[in-house]
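Bear in mind that the values in this text are calculations on the coordinates, not laboratory data. The structure displayed is predicted, hence computed values, not measured ones. Glycine gets a Cβ as well: all are built from the backbone with ideal geometry, and neighbour counts include every protein chain shown.
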Amino acid sequence: MTPVARALALAVFALGVAACQADAVDAGPDEVVEEFVARMQRVHGDPKAARDAYELLWSDAKRSLAERAKRASAVAGRELAPQAMLAPSRFWLSFLPKRYAAHIDGDWAVVTAIGEEPTQREDVKCVREDGHWRVVLMLPPLPPIQHRDEGPDAEHPPLPK
């Protein structure tokens with residue numbers, strides 16, 4: 001294969017991969033959940049994979065991850081991106097989904113991931129935002145940030161002896 005033909009083949013392949021990702025983003029809720037699962041399985045320390053998975057989340061999850069990143073950045077002393085808060089160690093599959101089925105009700109959907117065994121079923125909620133289906137990832141609420149009064153009249157606990 002000549003260098004020009006090789007470059008053209010690589011360009012066509014790259015366009016095909018990009019088109020597949022764009023299709024997943026604009027697909028139905030079942031395809032979006034399937035793509036989200038696939039992307040989360042690739043995250044493990046890869047910032048691009050984390051960004052790709054983050055892209056499929058609904059806005060509430062993105063806001064929560066942004067706040068978590070802001071707090072983590074303050075502790076770490078360096079800027080952390082919201083997608084860096086997607087912890088692959090917290091994402092595991094209790095079974096390998098073989099197919100996905102969606103029940104759509106307006107702008108909401110429930111996608112059932114179905115495994116090989118009859119008991120292997122898991123529901124995932126989705127919402128349509130700005131014309132695209134997004135995965136509803138429910139995160140625990142963050143506690144409020146506590147502030148200590150440190151003015152000249154503030155009472156401080158006594159230092160240990």
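For residue 107, what is the net charge nearby, where nearby means another residue's Cβ is under 10 Å from its Cβ and Lys, Arg count +1, Asp, Glu -1? List each step's numbers first, then the result.
Values: positive: 128; negative: 105, 129.
That works out to -1.
Over all directions, how big on average is the projection of the convex hull of the alpha-carbon atoms in segment 29-146, in square nanometres? If you can, show how the numbers build up before the last one.
Details: hull surface 33.5 nm².
Mean projected area for segment 29-146: 8.4 nm², to one decimal.
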Cut-off is 10 Å between beta-carbons; in what order do 95, 36 appear when sorted fewest neighbours first?
95, 36
